[in-house]
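Nothing in this text is a laboratory measurement; each read-out follows from the coordinates by a stated rule. Keep in mind the model is a prediction, meaning the values are calculated, not measured. Here the Cβ is made from the backbone with ideal geometry for all residues, glycine too, and neighbour counts use every protein chain on show.
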Amino acid sequence: MIKKSLTLIFFCSFLHAVVAQDDEDDIGVPEGFFGGALPAVEPPLREFATAQAHYEYLLQAADGGTSHTMATIPQWNGLWTSGRNSMPTIFLEGDDVRGGLGPGGTVIDGVLTPPYEAHFKARRAEMEIHGEQLFDRLARCEYPGVPRWIWEPYVKEFVNLPHQSWMMNDFMNETRRIYIGQEHINLDAKHSATGDSIGFWNDDELTIWTKWVNPADYVRGMPLTSNQFEIIERWKQVTLGDGNKQLVTQVTFYDPLALVKPQSAVYTHNAAPDLEEIGVRIRNWECTTSSNVYKAEDGSTQFYLPGDPEYVDPRGTTDFPELPGQSYDPVLDARDGQ
C-alpha cells in the first residue's frame, strides 16, 4: 500500500486549478484560506450560561427581529470562499499555528474540560510526530458538521428569503436551512450533522441559533465537540476598503461537556467573482461510491489501489454495466475511446 497525505484527499479539488497556491504552504489549502482581513472578535456584551439565553437576549434587543420582504431582505449573491478566522487562537497559542491543520502551537490549558483537553493534547502530539492528524473522519465520507462547516474551503452560496435562509456548501453537499422567526423542532428526536437552526434579522444582520448537532470537531487537527454543542452566529455582509465584499460571522460556542465556558470567535467569507467569471458552479457530489480510503491498524490513512479486491473504481458504473451508457463518467470514457 502507498500512504499519502490526508491533504490529498480533502484539498486536491478543482479549485487548486483555479486558485493560486502559496509555495510555502505545505498543507495544501487554497491561498486566502489563512489570508485576508480579519475583523476583531465581538464577544457577547455579557456572559450567558446557555445558547438559548444568549439568543433570547439578542432577539429582545432587536425588538423581535426585522420583518423583511423580498424587496428588503439582504442578498449575498454570488460565490463565496472561506477566509481567515480566529477559532484556532481559542485553543492554541503560538506565532503561526496555520489554523491548527498542521503541527505547531501550544495547547492553552483550561479552555477545554479535562477529558476533552487530554484528547486534544494527544491529537496535537500525534501531529507533531507525523506532521498531520493521521486519520480524519471525513475519509469515511462523514459530514464535516457544525462548526467545521463555517470554515470548509472551496465555495458556498447563500439564498436569503423572508421565511428561510439557505446556506449551501459544495463540500459534502451540506445545506443549512435557517428558519426565520420560528422555534426549534425535532420530530425525529435525534441529532444531525448540521443540527436545527432558527434565526431572525436585525436590519441587515442575521442571527442564528443551532442545536442538536452530532459530535464532530472544529476542524481537522482541532478539538472535538460533544453532542451538547450549540452555536450562536451573527452574519453580516460588509464592503472592504478595496471594494471587495466580505461576510463576517461572529460566533459563540456553547458546549458544557467540552468547554469550561462559552468561547467566541470570528469567521470570514470572501466574495469570489473571479470564480463566477470562469464558470465555477456548485455540483452535487458524494464519496461513498468512490472512496478508497481506510483506517489502518496503526491509525493512519491508507488507500486501496487498483488490483486490491476492495478497490472501488472511482469512475464506476450502475448495476447494469453490460448496457451502453451506464458509466458515471462518460466524459472520460469518450477521451479513452470507450
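Remarks
- Full extension of the segment from Arg283 to Thr50, taken as 0.36 nm per residue of separation minus the current Cα-Cα distance, would add 80.2 nm.
- Computed extension gain for Ala40 through Thr89, at 0.36 nm per residue and net of the alpha carbon distance, reaches 16.4 nm.
- Neighbour-count ranking [beta-carbon atoms within 10 angstrom, fewest first] of Ile108, Ile73, Ile129: Ile129, Ile108, Ile73
- Sorted by Cβ density within 10 Å, fewest first, the residues Tyr143, Tyr294, Tyr218, Tyr311: Tyr311, Tyr294, Tyr143, Tyr218
- Counting 0.36 nm for each residue step from Tyr179 to Thr317 and taking away their Cα separation leaves a gain of 45.8 nm.
- 222 nm mean residue ellipticity, helices alone, for the chain (DSSP H n ≥ 4; -39,500 (n - 2.57); rounded to 500): -4000 deg cm²/dmol
- Counting only alpha carbon atoms, the long axis of helix 114-130 and the longest principal axis of the chain meet at about 40°.
- The value of relative contact order for the chain, using C-alpha pairs under 8 Å at least six residues apart, is 20 percent.
- Scanning residues 5 or more positions from Thr225 or on other chains, those with amide H under 5 Å from its amide H are Ala216, Asp217, Tyr218, with H placed 1.01 Å from N in the peptide plane.
- Note: the chain, Cα convex hull, 181 Å³ per residue.
- Proximal charge balance of Ile231 [Cβ under 10 Å; K/R count +1, D/E count -1]: -2
- Placing +1 on each Lys and Arg Cβ and -1 on each Asp and Glu Cβ, with no other charges, gives the chain a dipole about its Cα centre of roughly 600 debye.
- Amide H contacts of Leu112: Val260, each under 5 Å away and 5 or more positions distant or on a separate chain (H built 1.01 Å from N in the peptide plane; Pro and chain starts excluded).
- Extreme residue, positive dipole direction of the chain, given options Trp151, Met127, Val41 (C-beta unit charges): Val41
- Cα long-axis angle, helix 51-61 against the chain (0 to 90 degrees, to the nearest 10): 50 degrees
- Ordered by the count of other Cβ atoms within 10 Å of each Cβ, fewest first, Lys261, Lys156, Lys190, Lys121 give Lys190, Lys261, Lys121, Lys156.
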